[in-house]
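First comes the structure, then the notes that go with it.
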Amino acid sequence: MKLSDVLASSGVIILLIAFLLNLYKKLPAQSKVYTFMNFLGAVLCCISSILIRFYPFIVLEAIWATFALLSLFNVPRGTSSDKS
């Protein structure tokens, strides 16, 4: 098995575990663990895509990882928290 296969498989497994835990209400989407799992899974898939030069997935996973990282640090994304 090539390194790209190992990275992609690991990333996908992490993403699916996060999704299933959220789906079955074991891990809220707002939790840092869920967000970190999304970040880590996306980074692994992105690195794998770089290794095989599959550009559409490089873009997809890089954007996914970027938004997960921003969410980890609670960077505002244009939503209002005004409670008037």
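Read-outs throughout are calculated quantities, based only on the coordinates presented, and are distinct from any laboratory measurement. The model shown is predicted, which means the values in this text are computed figures rather than measured ones. Neighbour counts are summed over all protein chains in view; Cβ atoms, including those assigned to glycine, are modelled from backbone coordinates with ideal geometry.
For the residue pair VAL59 and TYR24, what label-to-label distance in nm results when each label sits 7 Å from Cα along the Cα-to-beta-carbon direction?
3.6 nm
Highest first, please rank the peptides 23-36, 3-16 by the mean number of other Cβ atoms sitting within 10 Å of their residues. Present the calculation step by step, with values, prior to reporting the outcome.
Details: 23-36: 12.1, 3-16: 15.8.
The most tightly packed comes first, giving 3-16, 23-36.
Mind listing the long-range amide H neighbours of LEU27? Cut-off is under 5 Å, sequence gap 5 or more, other chains count too, H placed in the peptide plane at 1.01 Å from N.
Residues meeting the amide H criterion: ASN22.
Would you compute, from DSSP H runs of 4+ residues alone, the mean residue ellipticity of the chain at 222 nm, taking -39500 (n - 2.57) per run and dividing by the full residue count, rounded to the nearest 500?
Details: 3 runs with 60 residues, N = 84.
The helix-only estimate for the chain comes to -24500 deg cm²/dmol at 222 nm.
Please compute the Cα-Cα pair-distance distribution of the chain with 5 Å bins starting at 0, giving whole percents from short to long.
3, 16, 21, 21, 16, 12, 6, 2, 1, 1, 0, 0
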